[in-house]
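Novice: After the structure tokens below, expect a handful of questions from me.
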Amino acid sequence: MGGFNLAVLQSSAPLLLEGFARTIGISALSLLLGALLGVVLCAGRISRHATLRWCSSGFIDFFRTIPEMIPVIWLYACAPFLFRLQLDAMTIGIVALSLIGAAFLAEVFRAGLLAVPQGQKDAAQALGLSRFRVLLLVVGPQAARVMMPPAMNVVADIIKCSSLLSVIGVAELAYEAATLSASSYRYMELYTAAGVLYFVLIFPISLLARRYGERVQRG
């Protein structure tokens, strides 16, 4: 195989960058859908209705517990037969990542809301603010400070989980690296490049989460 060959990276760069861009797109859409579903699950988790709490808790616990690979493979292999849905692999992957992200983000949202002292909510309502305005003006800003670090960690985790979609044929970064290295036998160059691209994408998010968390702890 010889030493590290930069020419391999030059010839493979277009496909690697295409996979990199697809990874970003998949992750962004999955996180958006996951956040929306996470809000619904969070509302159910803190609801006064026992049925909503039970259903939301069951969903959250299930997807937080099982390996991330399971929903990806299960939806790809079983959903077309059980639900009569003809979806492409990328759509199925986005759905799977959205479900995973929703479970983790729901707990992040719940923890942020519960971190705001009840006394502040009661005081705001005593001043005549509606429940919506209390949530928007009093609870929201304080909860966001608590939620931001763990939410950014979920973002980083979902980006890493996007590499699992390579097993169902989604041409994201990990898939492109695997395909190119299998055809050229230049595993060192291509997987090194993929690792660097993942690092460039994920490390700033993890660093920001750590720094922001330290600021929150300092008050």
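The values are calculated or read from the model by the stated rules, or taken from the named source; none is laboratory data. Everything quoted here is computed from the prediction, not taken from an experiment. Glycine also receives a Cβ, built like all others from the backbone with ideal geometry; neighbour counts cover every protein chain displayed.
Novice: Identify, from the list 154, 139, 146, the residue that is aliphatic (A, V, I, L, M), on the phi < 0 side of the Ramachandran plot and modelled with pLDDT of 95 or more.
Specialist: The conditions single out 154.
Novice: So residue 134 ticks every box in (1) touching a helix residue (DSSP H, G or I) at 6+ places or on another chain (Cβ under 6 Å); (2) closer than 28 Å to residue 92 by Cα; (3) hydrophobic (A, V, I, L, M, F, W, C) but one. Which box is left unticked?
Specialist: Among (1) touching a helix residue (DSSP H, G or I) at 6+ places or on another chain (Cβ under 6 Å); (2) closer than 28 Å to residue 92 by Cα; (3) hydrophobic (A, V, I, L, M, F, W, C), the lone unmet condition for residue 134 is (2).
Novice: Enumerate the pairs (first residue in segment 107-120 and outside any helix (DSSP H, G or I); second residue anywhere and surrounded by 14 or more Cβ atoms within 10 Å (Cβ to Cβ) and not aliphatic (A, V, I, L, M)) with beta-carbon separation below 7 Å, excluding pairs fewer than 6 apart on the same chain, so at least 6 apart or on different chains.
Specialist: Every condition considered, the pairs that remain are 116/142.
Novice: Here is a further query. On the phi > 0 side of the Ramachandran plot, touching a helix residue (DSSP H, G or I) at 6+ places or on another chain (Cβ under 7 Å) and not hydroxyl-bearing (Ser, Thr, Tyr): which single residue out of 112, 128, 169, 101 fits that description?
Specialist: 169
Residue-wise test of (1) of a type in the set (Ser, Thr, Tyr); (2) farther than 26 Å from residue 93 by Cα; (3) within 19 Å of the chain's Cα centre (by Cα); (4) not in a helix (DSSP H, G or I).
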position	(1), (2), (3), (4)
164	no, no, yes, no
208	no, yes, yes, no
214	no, yes, no, no
217	no, yes, no, no
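Novice: Mind listing whichever residues of segment 15-51 are without any contact (Cβ under 8 Å) to a residue 60 or more places away in the chain and charged (D, E, K, R)?
Specialist: The one that is without any contact (Cβ under 8 Å) to a residue 60 or more places away in the chain and charged (D, E, K, R): 48.
Novice: Taking segment 71-94 only, how many residues are surrounded by fewer than 20 Cβ atoms within 10 Å (Cβ to Cβ) and on the phi < 0 side of the Ramachandran plot?
Specialist: Matching residues across segment 71-94 total 16.
Novice: For segment 47-78, give me each residue that is more than 23 Å from residue 157 (Cβ to Cβ) and either of a type outside the set (Gly, Ala, Ser) or not in a loop (DSSP other than H, G, I, E, B) (or both).
Specialist: Selection gives 48, 49, 50, 51, 52, 53, 54, 55, 77, 78.
Novice: For residue 171, state whether it is assigned to a helix (DSSP H, G or I) and not basic (Lys, Arg). Working first, answer last.
Specialist: Values: assigned to a helix (DSSP H, G or I): no; not basic (Lys, Arg): yes.
Taking the combined requirement at face value, the residue does not satisfy it.
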